[in-house]
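Notes follow the structure.
The values are calculated or read from the model by the stated rules, or taken from the named source; none is laboratory data. Keep in mind the model is a prediction, meaning the values are calculated, not measured. Backbone-built Cβ (ideal geometry, glycine too); neighbour counts: all protein chains shown.
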Amino acid sequence: MGKTISEKIFNAHLVDEPFGDVSVLRLDRVFCHEITTPTAIQDLVARGKDRVFDPDKIKAVIDHVSPAKDSKTAMQGKILRQWAERHGIKDFFDIGNNGVCHAIFPEKGFVRPGLTIIMGDSHTCTHGAFGAFAAGVGTTDLEVGILKGVCTFKNPETYRIEIKGKLSQGVYAKDIILEVIRQISVDGATNMIIEFVGNVVDEMNMDQRMTISNMAVEAGATSGICQPDMTTVEYLWPFIKDEFKSPEAALEAYSKFSSDTDAVYAKKKTIDVSLLEPVTTFGFKPDNVRLVSQMKGTRVDQVYIGSCTNGRIEDLRIAAAVLKGKKIKEGVRGIVSPATPWIFSQAIEEGLIKIFMDAGFCVTNPTCGACLGMSNGVLAEGEVAAATTNRNFNGRMGKGGMVHLMSPATAAATAIQGEITNSSLFVN
Amino acid sequence: MKEFKGKVLCLDRSDINTDEIIPARYLTEIEKIAMKPHLLEDLTLGSFSPEKDVKDIGVVLSRENFGCGSSREHAPWALEVNGIYVVLAQSFARIFRQNMFNCGMLAIDLPQGKIDSLFEFCKQGQAFLSVDIEALKIQVEAHGRSLELSFAMSEFDKALVREGGWVEYADKNY
């Protein structure tokens, strides 16, 4: 009987099966940020267990509120910073070098096919785009990960979602994942790992795969995983060129984790996206998804382009292509937050930042801030945002605020019109 | 091990998310106790009032996909510091459920029929519920009447609850 990629990764990392239905896995990476890690650090200190299992496998970043907005967030940064220093965690990204965790860690080459990764952040599933098993966990799991380098998971069941067809112009990875969530619902993949396959996924670049894997958790999934292929290898090549003779050799090594053709799946679904149009959300759940054309006329106060879902260089290129030579609607606040310093600097080099600024956007440093209503663009009561982020919960970007999730292209078009608008209006 | 009993708070809706349990603006707190006044602060649900309705509660009863959204363990902590160590629901989001057991608390999923009967029972007046994890029984009382239900729990979850959470268990075993 064949195995799925997740089953192969689990088998390769199995430490113990203490009660049959749960696997204790050895961890290759423990990622940390300043919101969920300080409590774990404090608890370890209080227990007299202020140790780390392997400083080279722990990567840390200050990203959620950066620069610190008040004394409390400054203290969270300080606790993480001092901890990284005293344990010799050299891959620690502080202000000036910091970016949104799920953008900067892949960019630094820390994510490889076949690895096991946890982080105290639900969107850790993003890293499944590289063919890794990556899952968000709470602070206690994180704490044990830091201390012992292990984590427990239920033995994986996999939901195979095939995405096939040919995308129409103006339809992007974000539209695809919102459509997937609409079809399977916010708990359609709970306790399962989504495996994204099909010609559309094969043709995606890594930025696009990270967009779809990022939102797997919005359907309840433990992780959202893509098979490693030559696109994965080419992205990683600068980091792995000393490990392998050639990209082909790297692919052969990584392919040992690929799902077998006779692997057994708990569920399967095929979605043809050929007729898909741009979509957005309307309610307070990520599966409340409608066509952008059905939402026409919905006015917005703020447009936010950024986040671990859609703050990467390709997202900025797409939004800038829509905005070039145009102005955002008077009364609408535009905010763009490149997700990492490299993306920011690349966007300057390509002239994208000038396009955003000429259009009237505020350009912020890389941070998660606005996405979860913590800093850098919090909504006031009764305000409406168009956002390229991943969650539209009631009050997510600010108490009493409404969030409509959409692609960077739709967000840019919406900024120009001041109401939810299809980008095809502005792009030839 | 904690005691699993108390007055029941009924939250009759699916997909109660972590932002509703504890909004992100309180994630800058490092002490768990700071979350106490903010439990369910942003939840809008019928006549529910976060100021009045979470006092003296020991158990939350809800529907499907409870705790969806963020990985924040601040959600179980916000329950814990308010003395709520048990959530009963038709289903849970994975991370929230694991966080509850990792803290030595209970997230018990029950089939729809049992959840329906608990909601029906609790309509009669303030209900008091207790959970026995050895006998795998839930006992609920209101206005002199009582109802008993059975539930299932994995050996691993029991071990976590008995040990008082995952840190002690893992440090002992791995």
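Across region A:101-125, the qualifying residues are those that are β-branched (Val, Ile, Thr) and within 14 Å of another protein chain (Cβ to nearest Cβ), and the one among them that is nearest to A:Glu252 (Cα to Cα) is A:Ile117. Residues that are of a type outside the set (S, T, N, Q), within 18 Å of the chain's Cα centre (by Cα) and within 14 Å of another protein chain (Cβ to nearest Cβ) within region A:375-399 comprise A:Arg391, A:Phe393, A:Arg396, A:Met397, listed in sequence order.
Among the residues of region A:282-300, those identified as over 24 Å from the mean Cα position of the chain (by Cα) and surrounded by fewer than 17 Cβ atoms within 10 Å (Cβ to Cβ) are A:Ser293, A:Gln294, A:Lys296, A:Gly297, A:Arg299. Total residues in region B:129-143 satisfying the condition of being of a type in the set (A, V, I, L, M) and loosely packed, with under 13 Cβ neighbours inside 10 Å: the figure is 1. If only one of A:Gly2, A:Gly88 is more than 14 Å from chain B (Cβ to nearest Cβ) and under 25 Å from A:Val233 (Cα atoms), which one is it? Going through A:Gly2, A:Gly88 in turn, the sole match is A:Gly2.
Filter region A:322-361 down to residues that are aromatic (Phe, Trp, Tyr) and assigned to a helix (DSSP H, G or I) and give me whichever is surrounded by the fewest Cβ atoms within 10 Å (Cβ to Cβ). My answer is A:Trp342. Among residues of region B:150-174 that are more than 11 Å from chain A (Cβ to nearest Cβ) and closer than 22 Å to A:Arg26 by Cα, those with a Cβ under 6 angstrom from a residue that is among the hydroxyl-bearing types (Ser, Thr, Tyr) and in a helix (DSSP H, G or I), sequence gap 6+ or separate chain, pair up as B:Glu163/B:Tyr169.
Filtered by the rule that a residue be over 18 Å from the mean Cα position of the chain (by Cα) and closer than 20 Å to A:Asp21 by Cα, region B:129-143 gives a lone residue, B:Glu134. Exactly one residue out of A:Thr410, A:Thr367 is under 18 Å from the mean Cα position of the chain (by Cα) and either surrounded by 17 or more Cβ atoms within 10 Å (Cβ to Cβ) or at pLDDT below 95 (or both): that is A:Thr367. Whenever a residue of region A:108-130 is in contact (Cβ under 8 Å) with a residue 60 or more places away in the chain and farther than 18 Å from A:His13 by Cα, its partners that are aliphatic (A, V, I, L, M) and surrounded by fewer than 24 Cβ atoms within 10 Å (Cβ to Cβ), lying with C-beta atoms within less than 8 angstrom and at least six residues away or across chains, give the pairs A:Gly109/A:Leu236; A:Gly109/A:Ile240; A:Ala129/A:Met206. Being facing chain B (nearest Cβ under 9 Å), touching a residue at least 40 places away in the same chain (Cβ under 8 Å) and under 22 Å from B:Ser154 (Cβ atoms) is the filter here; which residues of region A:19-53 pass it? Of everything in region A:19-53, those that are facing chain B (nearest Cβ under 9 Å), touching a residue at least 40 places away in the same chain (Cβ under 8 Å) and under 22 Å from B:Ser154 (Cβ atoms) turn out to be A:Asp21, A:Val22, A:Val24.
Can you say whether A:Ala385 is of a type in the set (A, V, I, L, M), surrounded by 17 or more Cβ atoms within 10 Å (Cβ to Cβ), assigned to a strand (DSSP E or B) and touching a residue at least 12 places away in the same chain (Cβ under 8 Å), as far as the supplied structure shows? It is true that A:Ala385 is of a type in the set (A, V, I, L, M), surrounded by 17 or more Cβ atoms within 10 Å (Cβ to Cβ), assigned to a strand (DSSP E or B) and touching a residue at least 12 places away in the same chain (Cβ under 8 Å). Taken as a whole, region A:309-316 holds no residue that is without any contact (Cβ under 8 Å) to a residue 60 or more places away in the chain and more than 24 Å from A:Lys164 (Cβ to Cβ). Looking at region A:198-234 only, could you name the residues that are surrounded by fewer than 24 Cβ atoms within 10 Å (Cβ to Cβ), over 16 Å from the mean Cα position of the chain (by Cα) and not β-branched (Val, Ile, Thr)? A:Gly198, A:Asn199, A:Asp202, A:Glu203, A:Gln227, A:Asp229, A:Met230, A:Glu234, listed by residue number. The set of residues from region B:48-67 being more than 28 Å from A:Ala219 (Cα to Cα) and of a type in the set (Ser, Thr, Tyr) comprises just one member, B:Ser49.
With respect to A:Glu248, is the statement that it is over 21 Å from the mean Cα position of the chain (by Cα), more than 14 Å from every other protein chain (Cβ to nearest Cβ) and assigned to a helix (DSSP H, G or I) true? So A:Glu248 passes the test. Taking region A:126-141 as the range and being within 18 Å of A:Cys368 (Cβ to Cβ), assigned to a strand (DSSP E or B) and more than 7 Å from every other protein chain (Cβ to nearest Cβ) as the test, only A:Ala134 passes. Pick from region B:144-174 the residues that are within 22 Å of B:Lys114 (Cβ to Cβ) and surrounded by 15 or more Cβ atoms within 10 Å (Cβ to Cβ): which of them is farthest from the chain's Cα centre (by Cα)? Step by step, filter region B:144-174, then rank; the result is B:Leu147. Against the criterion of being buried (at least 24 other Cβ atoms within 10 Å of the Cβ), within 14 Å of chain B (Cβ to nearest Cβ), not aliphatic (A, V, I, L, M) and not in a helix (DSSP H, G or I), A:Cys151 qualifies. Among the residues of region A:171-185, some residue qualifies, meaning at least one is out of contact with any Phe, Trp or Tyr (no Cβ under 9 Å at 6 or more places or on another chain), surrounded by fewer than 21 Cβ atoms within 10 Å (Cβ to Cβ) and within 14 Å of another protein chain (Cβ to nearest Cβ).
Scanning region A:273-281 turns up one or more residues that are aliphatic (A, V, I, L, M), surrounded by 19 or more Cβ atoms within 10 Å (Cβ to Cβ) and assigned to a strand (DSSP E or B).
For region A:61-81, the set of residues classified as touching a Gly at 6+ places or on another chain (Cβ under 8 Å) and without any contact (Cβ under 8 Å) to a residue 12 or more places away in the chain consists of A:Ala68 only. For region A:186-215, a residue qualifies if it is in a loop (DSSP other than H, G, I, E, B) and away from every other protein chain (no Cβ under 14 Å), and the qualifying residues are A:Gly198, A:Met204, A:Asn205.
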